[in-house]
1. Would you check which residues across the stretch 301-312 are touching a strand residue (DSSP E or B) at 6+ places or on another chain (Cβ under 9 Å) and closer than 21 Å to SER223 by Cβ and list them?
2. One residue is enough: does the stretch 142-150 have a residue meeting the conditions modelled with pLDDT under 95, within 15 Å of the chain's Cα centre (by Cα) and of a type outside the set (A, V, I, L, M, F, W, C)?
3. ILE293 - would you say it is among the aliphatic types (A, V, I, L, M), within 30 Å of SER220 (Cβ to Cβ) and surrounded by fewer than 16 Cβ atoms within 10 Å (Cβ to Cβ)?
4. Does LEU117 satisfy the condition of being within 26 Å of VAL345 (Cβ to Cβ), at pLDDT 95 or above and among the hydrophobic types (A, V, I, L, M, F, W, C)?
5. For the stretch 54-82, how many residues are within 19 Å of HIS130 (Cβ to Cβ) and assigned to a loop (DSSP other than H, G, I, E, B)?
6. For the subset of the stretch 83-123 comprising residues that are among the aliphatic types (A, V, I, L, M) and in a loop (DSSP other than H, G, I, E, B), which member is surrounded by the fewest Cβ atoms within 10 Å (Cβ to Cβ)?
7. For the subset of the stretch 80-125 comprising residues that are within 25 Å of ALA41 (Cβ to Cβ) and of a type in the set (Gly, Ala, Ser), which member is nearest to the chain's Cα centre (by Cα)?
8. What number of residues within the stretch 314-366 satisfy the criterion of being over 24 Å from VAL144 (Cα atoms) and assigned to a helix (DSSP H, G or I)?
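The values are calculated or read from the model by the stated rules, or taken from the named source; none is laboratory data. Small disclaimer: the values here were computed from a predicted structure and weren't measured. Note that we place each Cβ from the backbone using ideal geometry, even for glycine, and neighbour counts take in every protein chain shown.
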Amino acid sequence: MTGDADFARRLAELIAFPTVSDVSNLALVAHIEAIAASHGASCRRFDDPDGNKANLLVTIGPQVDGGLVLSGHTDVVPVTGQSWSGDPWTLRELDGRLVGRGATDMKGFLACCLAALPHFADMKLKRPIHLAFSYDEEVGCTGVGPMAEWIGRNARPSLAVIGEATEMDLVTAHKGGTIGWTHVTGKPAHSSQPDKGVNAVMIAAELVHEISRIAEEMRSGPSVEGIDPPFSTIQVNQIQGGSHGNILAEHCSFFWEMRLVPGDSAERVLGRMQAKADALQPAMRAVSPGAGIAFDIQARIPPLGSTDDAALEARLLALLGRQAPRAVPYGTEAGIFAAAGMPAVVIGPGTIKDAHQPDESIAIDQMAACTDFLLRLATSEAA
């Protein structure tokens, strides 16, 4: 480990908790609560329905409206099937970088927040600073909602900074997303007599073809300059169905995802998909009343649009030493915080291209720049 920088120590502690999305994060939450308590911060948990995971809200400073939210997720993607050159859960340094699962996405930002916490405690804050750490971001941003809504109703902060990797650029807009499965139920029959059955794979193929048409039309639909690509997208990334080469498939399911620019509507796209299903189902049910098509929406991630606050944007750019904000094609929890009633932006250390990779790593100088930015941002709140 290089240096006595507190962010490196905190990152090592956080990475040692293997908080893959399908396991509990409660041990990590308890660890952060202990750190927060040692600096006089208050903590509030938002448990998931099963009590196996929790969002954690850490608050330091006066109990008044306004202030800052610094937010990130505690879960990480799996390491299964990846070739790591060392233990993914033990932080190590290599060529000016810190290596470990979640280093970039996004325990690096959480570590910067925890490294800054003692300094926040020493400031004479006029407004509070909240650390909002969520669960299940990696499976569709499904965990943060109740905490974001509580913050919006009860704390009414003036700004939420979501620390996903932006190389410490200011991101003020990004795409949203809706993901789900389509399940087709047919009727099996011998392939020599296809009229006696309903081929679920063939029906699914017609739906996938409709999605391809929607994707092509999106190219000339709503767009946002600066996002690559600037238009909405939709694609099918998984498909499974059928049981044997000479039996009409009884079942077929496929997974789709749409990435929508601010101003586009998931309901519009879902309506097109449902209309195609409605057109196909009468013929299916004429052969078998039990045949049909069902849509299972698994997650909705709101897009992030510009805050339209020129003064806030200028202040953040000045603190970052940047000239202009940018927009990105991926989604974050920022759209959820914005929908809960607070201005939200994305600023974080590292680059998104390092996320989810074997030997995931983050540059030490990015961690230092992030911690410095958080302290300067907090100082502006104390002024």
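1. ILE301, PRO302, PRO303, LEU304, GLY305, SER306, THR307
2. yes
3. Numbers: among the aliphatic types (A, V, I, L, M): yes; within 30 Å of SER220 (Cβ to Cβ): yes; surrounded by fewer than 16 Cβ atoms within 10 Å (Cβ to Cβ): no.
So ILE293 does not fit the description; no.
4. Details: within 26 Å of VAL345 (Cβ to Cβ): yes; at pLDDT 95 or above: yes; among the hydrophobic types (A, V, I, L, M, F, W, C): yes.
Answer is yes for this residue.
5. Our first condition is that a residue be within 19 Å of HIS130 (Cβ to Cβ); within the stretch 54-82, this holds for 54-74.
Those still in the list that are assigned to a loop (DSSP other than H, G, I, E, B) too: 61-67, 74.
Total satisfying the criteria: 8.
6. Only one residue tops the list, namely MET123.
7. Here the residue is GLY102.
8. Adding up the residues that qualify gives 10.
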